[in-house]
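Have a look at the structure below before the remarks.
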Amino acid sequence: LINDILDMSKIESGKLTLNYDIVSLKTTFDDLVALVQPQMAAKNQQLNISVDQIDAENVYCDSIRLNQILLNLMSNAIKFTPNDGSISIDLYERPSKTSLENVEVHIVVSDTGIGFTEEFKKHIFDSFARDDNKRVTKTEGSGLGMAITKHIVDEMHGEIYIDSKVNVGSTFHIVLDLRKGPVEQDRKEIKG
């Protein structure tokens, strides 16, 4: 909660900065899965992962902020998906519309959770916003995670799309246009 409040303070004062470095999407996703699996196992939730059509595994991005986006989305999916539900995370890439040196990275997190109304969808990115629903008020949370996520995505010049239906589930689709990083070369010893 304290970190969320500090992040919102930085965002509101215009002091949120991004530090771009080479990020391995594979490592990022592996770390995310390792982090959320214990919480999902406790609720007997199924995790479906799809990684497809990856042109550039390495991209220039702020790894801390990318992890923060992914963790916020996955934490919400886990919290608001009942026991025995399922969550999927898909990663794929498309050619960039801006440059041949860039790639469009798509991250889609879907769940079979409680979903939310069209009315709440209008406010989901507001600070401290929480759906006015008995199931939500019983669930821990500050209502800052989605506001922070939206600000980070905006700062990265990305887009976030939402689809949700009450008692069916939610889908969050993030699109980031990122510069391609160096391609990993096989490091083979040359024998003479």
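Key figures for this structure:
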{"item": "Cβ crowding within 10 Å averaged over residues, with 56-63, 150-157, 162-169 ranked highest first", "result": "56-63, 150-157, 162-169"}
{"item": "Gain in span if fully extended, TYR161 to ASN48, counting 0.36 nm per residue against the direct Cα distance", "result": "38.7 nm"}
{"item": "Difference of contour (0.36 nm per residue) and Cα-Cα distance, ASN83 to HIS173", "result": "30.1 nm"}
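Only the coordinates and a few stated rules stand behind these numbers; no lab work does. The structure presented is a predicted model; accordingly, all values stated were derived computationally and were not measured. Because the Cβ atoms are built from the backbone with ideal geometry, glycine has one as well, and the counts that use them run over all protein chains shown.
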